[in-house]
Amino acid sequence: MTRVLLTGATGFAGRPLVARLAATGYAVRAVVRHSPSPPLPDGVEVTHGDLGEPIDWDPLLRSVDAVVHLAGIAHAGRGIAHASYDRINHQATAALARAAARAGVKHFVFVSSVRAQSGPAADHVLTERDAPQPSDPYGRSKLAAEAAVAASGVPFTILRPVLIYGPGLKGNLATLARLASWPLPLPFGAFVNRRSLLGIDNFVNAIMFVLQNPATRGEIFLVADRAPVALAEIVASFRNGLGRQPGLFSVPPRPMEAIARLVGGAALWERIGGELVVDPAKLMAAGWSPATDTKAALIKSVQASPSTA
């Protein structure tokens, strides 16, 4: 039986992943900061560790075949000290990778981020061939962590997912879902800018795929649903899931941009008004298939999100 050490098991992406690993027959050792509530699946070994503090990884890695490292500061946000990104996303990852190499771990899967490669918007379709150009401390910490993993000597696969969505929507998608729940027309009809998204099922399938395919070792992959969607399509899908007509009207993006920049600065506008499209062809060529359709998955996500259903 393959034993996997998983960090971040109680997070938004971690819970579906630990459930799939356990259901598929992996022995899972989950490293968590706090006792999980609700509990993790039966048979999952729960251990405690906080990436913000030194961790003795050696005993936790005993008898471990593979590591999936999800834990870290998961987004760029206001009020987070630059040093925290480096300590948790970079230095803690480096320490874990070095310990995994010492322990003879056969495969280290590091979940990085598209933000290690790009800012919140890009003027062309991104591929792995593009030189990384992170634009903030979050992205730079992820890129530094990638370099540390590659230098550690452990066999690795690095994934750079785009924004992950699913039941219990988070961040900007949760905000859009709340707006979609209002019984009012919304001014997003002219927002045809495209964003690549990643459904939680497709994300979990990508992790399972790389764990089971040694040919992915030593590689970096962008991970996204098959096709991007426009912002207007995201809102329309949410309204569809809530049993409503799209109800979108067009306002020129320029005044909307002025409001967004006033409220949240340039980064907010780039996240909602800019394009960020990635091409997942490299991972698909290796054999992974993003089976879940984005619009259908957005509908299911909003229906399963308590704040909007």
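No lab work stands behind these numbers, since they all come straight from the coordinates. Just so it is clear, the model here is predicted, and its values are computed rather than measured. Note: ideal-geometry Cβ built from the backbone for every residue, glycine included; neighbour counts use all protein chains shown.
What is the spin-label model distance, in nm, from ALA286 to ARG217 if the labels are put 7 Å beyond Cα along the C-beta direction?
1.2
So, R0 is 51 Å and r is the distance between the beta-carbons of SER135 and MET1; what FRET efficiency does that work out to, to 0.05?
0.75
Divide, for region 3-161, the radius of gyration over alpha carbons by 2.2 N^0.38 Å, where N is the residue count.
Dividing the Cα Rg of region 3-161 by 2.2 N^0.38 Å gives 1.03.
Along the Cα→Cβ direction, 7 angstrom out, place labels at ARG244 and SER37. What is the inter-label distance in nm?
Computed distance between label sites ARG244 and SER37 equals 3.3 nm.
Can you pull the one-decimal nm distance between simple spin-label points at ALA230 and ARG87, each 7 Å off the Cα toward Cβ?
In this crude spin-label approximation the distance works out to 4.6 nm.
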